[in-house]
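Okay, so here's the structure we're looking at.
The values are calculated or read from the model by the stated rules, or taken from the named source; none is laboratory data. Keep in mind that what you see is a predicted model, and the values were worked out from it rather than measured. Heavy atoms of the whole protein, side chains included, go into the accessibility calculation; ligands, DNA and RNA do not. Shrake-Rupley method; radii C 1.70, N 1.55, O 1.52, S 1.80 Å.
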Amino acid sequence: MTISCQSSFQNNIHGSKPEGCGSLFLVATPIGNLEDMTYRAVRTLQECDIIAAEDTRQTRKLLSHFEISPSMLFSYHEHNKAASGPELIRYIIEGKNLALVSDAGLPAISDPGADLVALAISHSIPVIPIPGANAALSALIASGLPTTTFTFSGFLPRERKDIRAVLSTLALAQGTLLFYESPHRVLKTLTHLQEAFGNRRVVLARELTKRYEEFVRGTIEECSAWLAEHPPLGEYVIVVEGESKEEADLAGSAWWRELSIEEHVAHYETSGSERKEAMKKAASDRGLSKRDVYNTLLIRE
């Protein structure tokens, strides 16, 4: 007879549960300010038998700050998850309670924790979220952009064709868009966003909850100019306004929707238009200024 651990689980580490089954706790950690650690998160880390961390060196600093001495601290990250995942599940099945943490914020968001959760669920292991700080939502609520509906996309792919594929699926989204980005790629990512969406409003949020927390608000073009004068530092959340209803109505029959700006201009050139005229037509189709199109082409050349 198979017993589902989740069905009988009480929401307490020491609560009633089927004999021999532990639980997987997803413990949020601060994204910068250590005061954002919750009482429940500290207690859970103190009481769990095992802590699995993306970077054990980073996690040891956190544990030391809160005077937590785990019985077992395991490394679990993208490069060892295939081997570590089943081993951690085995410990839980044997009765150990395991706390999973990421380097910052909620585990399983843009990290391999999602795979461990799926593996735990496939073995009927209780999965218990311990909420806390999250960079994307923190940036969203302070952005000034609509919060009713939103799409979190995490980090964009590395290859340009893959980036275009992802952004093309988001171009029609009317909810706010959320992306993560590293400092050395953020300017290039803004270029991709402008090419895909036009010169929309964006918010660049960095160093959230830390001493030098910063929000830069403006159009993609304005924020790109800001970064050109202020070299990017720290990890970024990029908050992008969704497509307006007017844009959606205009784009409803837009044949050029799947084309990049380069391809759009090339289409008119192939049809016999001079370069300047082709740029003017493409700009008109997209609701952009001719300068926007020129600048995008200039960056690509």
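Results, tabulated for the structure shown:
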| item | result |
| --- | --- |
| Partner lysines for residue 188 [C-alpha distance under 16 Å; skip if fewer than 8 residues away on the same chain] | 161 |
| Relative contact order %, the chain, counting alpha carbon pairs below 8 Å whose residues are six or more apart | 16 |
| Lysines whose Cα lies under 26 Å from that of residue 61, excluding same-chain neighbours fewer than 8 positions away | 81, 96, 210 |
| DSSP bridge pairs, the chain: antiparallel proportion in percent, nearest 5 | 45 |
| Karplus (6.51, -1.76, 1.60) ³J(HN,Hα), θ = phi - 60°, over region 43-54, in Hz, Gly and Pro reported as x | 5, 5, 5, 5, 8, 6, 6, 9, 10, 10, 10, 5 |
| Region 107-211, accessible area per residue, ligands and nucleic acids excluded (1.4 Å, Å²) | 45 |
| Angle in degrees between helix 290-300 and the longest Cα principal axis of the chain, rounded to the nearest 10 | 60 |
| Nonlocal amide H pairs with residue 175, under 5 Å, H built at 1.01 Å | 243 |
| In Hz, Karplus ³J(HN,Hα) per residue of region 124-140 (6.51, -1.76, 1.60; θ = phi - 60°; x = Gly, Pro) | 6, 8, x, 10, 10, x, 10, x, x, 5, 8, 5, 4, 6, 4, 5, 4 |
| Area accessible to solvent at residue 284, 1.4 Å probe radius, in Å² | 90 |
| With every protein chain in place, the chain: carbon and sulfur % of accessible area (1.4 Å) | 52 |
| Using alpha-carbon coordinates, inclination of helix 186-197 to the longest axis of the chain, degrees | 60 |
| Karplus-derived 3J(HN,Hα), 6.51/-1.76/1.60, for each residue of region 111-117, Hz, glycine and proline x | 8, x, x, 4, 5, 5, 4 |
| Cut-off under 5 Å, modelled amide H: who pairs with residue 128 long-range | 24, 25, 26 |
